[in-house]
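Shown below is the structure under consideration.
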Amino acid sequence: MALALTCAVVFVLAIVFPLVSMNVHGDTVSTTLPRAVWALHEHDMTALALLVLVTTLLAPAIHIATIITLLVCLRLRWGQHQFARLFRLVQTIRSWGMIDVLMLGILVSLVKLAAMATVVPGVALWSFAALLVLLTLLSSSVSTRDLWHWSQEEHR
């Protein structure tokens, strides 16, 4: 539960704070991931904006929220009829989270932009890096077999 809650806090930090700040000829520009998604939409790249929205914002948020809900349901011993549905949602949504691809894309972009501008990584970039590690740990520490076994034990 502690790891899942940590993921939730780090995810909020990653959304709220700027990813990077760039200084080009005295003008400083910074943006958050939700604003970047909106900018893609405004520049007639709606399909790409939707893809980024789903894979880097919605899928990780749903994944974290569903795992927290499952763990709370197990702890409080309620929601047995919803457990299987939530369990399937965790399995389905896990493959849609693409924070690792986002990080790779950002790092490649930073290397390319470094020659043209002064680029300063923001809190959100470090938060996404931490979230990548935390989600990997969360996925490996929450065994689907154990969750299912605990749910059967808790509801007997």
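Roughly how much of Ser140 is accessible, in Å² to the nearest 10, using a 1.4 Å probe?
Looks like 90 Å² after rounding.
Can you tell me how much longer the chain between Ala115 and Trp96 gets when fully stretched, taken as 0.36 nm per residue apart minus their C-alpha distance, in nm with one decimal? It would help to have the intermediate numbers written out before the result.
Values: separation 19, 0.36 × 19 = 6.84 nm, distance 3.31 nm.
Between Ala115 and Trp96, full extension yields an extra 3.5 nm.
Let me ask you something else. Given a Förster distance of 25 angstrom, what is the FRET efficiency for Ala2 paired with Val123, based on the Cβ-Cβ distance and rounded to 0.05? Please report the intermediate quantities before stating the final value.
Working: r = 22 Å, r/R0 = 0.87.
Using R0 = 25 Å, I get an efficiency of 0.70.
Also: What are the radius of gyration and Dmax of the chain, computed over its Cα atoms and given in Å?
According to the Cα coordinates of the chain, Rg and Dmax are 18.3, 67 Å.
Per residue, how many Å² of accessible area does segment 5-98 show with a 1.4 Å probe?
Values: 5610 Å² over 94 residues.
The answer is 60 Å² per residue.
Follow-up. Taking Cα pairs under 8 Å and at least six residues apart, what relative contact order does the chain come out at, in percent?
38 percent
Can you tell me the 0 to 90 degree angle between the C-alpha axis of helix 2-16 and the longest principal axis of the chain, rounded to 10?
30 degrees
Follow-up. Computing the accessible area with a 1.4 Å probe over protein heavy atoms, can you report the carbon and sulfur percentage for the chain?
Taking all protein chains in place, the chain shows 68 percent carbon and sulfur surface.
Taking just the alpha-carbon atoms of segment 1-59, what radius of gyration and Dmax come out, in angstrom?
According to the Cα coordinates of segment 1-59, Rg and Dmax are 14.0, 47 Å.
The values are calculated or read from the model by the stated rules, or taken from the named source; none is laboratory data. Only a predicted model underlies this, so the values are computations on that prediction, with no experimental measurement involved. Virtual Cβ from ideal backbone geometry, glycine too; neighbours counted across all protein chains shown. When the accessible area is computed, the model is the full protein with side chains, heavy atoms only, and any ligands, DNA or RNA have been set aside. Shrake-Rupley method; radii C 1.70, N 1.55, O 1.52, S 1.80 Å.
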